[in-house]
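A.B. asks: Can you keep this structure in mind? I'll have questions shortly.
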Amino acid sequence: MLDLVAVIVANGGFILWPILATSIAALTVVIERLWRLLPMRRRFGETRAACHEALLKGRPVDGAVDASDPLARVFLAGAAVRAHGPDTVRAVAIDAAQREVPGLERGLGVVLAASQVAPLLGLLGTAAGLVEAFQAASATENVTMQVLAGGVGRALSATVAGLVVAIPAFLAYVAMSALVGRLTDQLEHAAVDLPVLLARVK
């Protein structure tokens with residue numbers, strides 16, 4: 001594997017730099033998103049339990065949950081209009097849940113773009129390598145493998161480099177999209193269930 005990496009680095013040419021920049025951008029977003037989103041699954045459960053306990057004991061919700069948590073903000077928004085009836089509570093809570101979704105999805109577009117741009121950059125390097133190979137072949141009367149090897153090697157190295165970045169980036173995008181989807185479902189379920197919970201504790 002290390003030998004393959006060394007060959008790609010040695011023969012990839014200038015196109016490896018934008019591919020490397022693309023991979024760094026995608027990796028940075030993936031690490032940041034996982035660091036923020038993975039703990040939310042546990043925190044959402046704790047927030048839901050704290051909100052339910054506060055309501056059942058007649059305590060204000062804002063004193064029981066952390067307002068920096070997206071699910072807490074959904075509960076707080078719905079509870080704030082409790083006096084206006086369950087339909088208003090549901091509408092306000094759902095609106096609050098929808099406003100939290102862009103924050104959860106932030107950065108996913110960068111990862112998706114990396115998964116699409118990296119193979120295109122590899123294709124650009126492939127085309128440039130082939131052009132170089134044909135130019136070298138046209139400059140000599142005796143076309144040998146040695147004449148073509150440099151350009152073809154650069155073409156194949158660029159293709160491999162683009163795919164090496166694109167495949168993990170796409171898999172990371174799919175995994176994070178699934179995680180965001182589960183968190184979004186929890187926000188929406190909380191918004192829909194809140195009027196029922198408030199009705200039970202009246």
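FYI, it's all coordinate maths here, none of it is from the lab. This is a predicted model, so every value here is computed, not measured. When we count neighbours, we look across all protein chains shown, and the Cβ atoms used for this are built from the backbone with ideal geometry, even at glycine.
A.B. asks: Based on the Cβ-Cβ distance from E105 to R59, what FRET efficiency comes out when R0 is 45 Å, to the nearest 0.05? Please list the in-between numbers first.
C.D. replies: Working: r = 33 Å, r/R0 = 0.74.
Efficiency, rounded to the nearest 0.05: 0.85.
A.B. asks: With the crude spin-label approximation of a point 7 Å out along Cα→Cβ, what separation in nm comes out for A91 versus A178?
C.D. replies: Spacing of the two 7 Å Cα→Cβ label points: 3.8 nm.
A.B. asks: Per-residue counts of other Cβ atoms within 10 Å, averaged by peptide: what ranking do you get for 30-38, 86-94, highest first?
C.D. replies: Highest to lowest by the protection proxy: 86-94, 30-38.
A.B. asks: While we're looking at this one, here's another question. Full extension from D66 to A83: what is 0.36 nm times the residue separation minus their Cα-Cα distance, to one decimal in nm?
C.D. replies: Stretched out fully, the D66 to A83 stretch lengthens by 3.9 nm.
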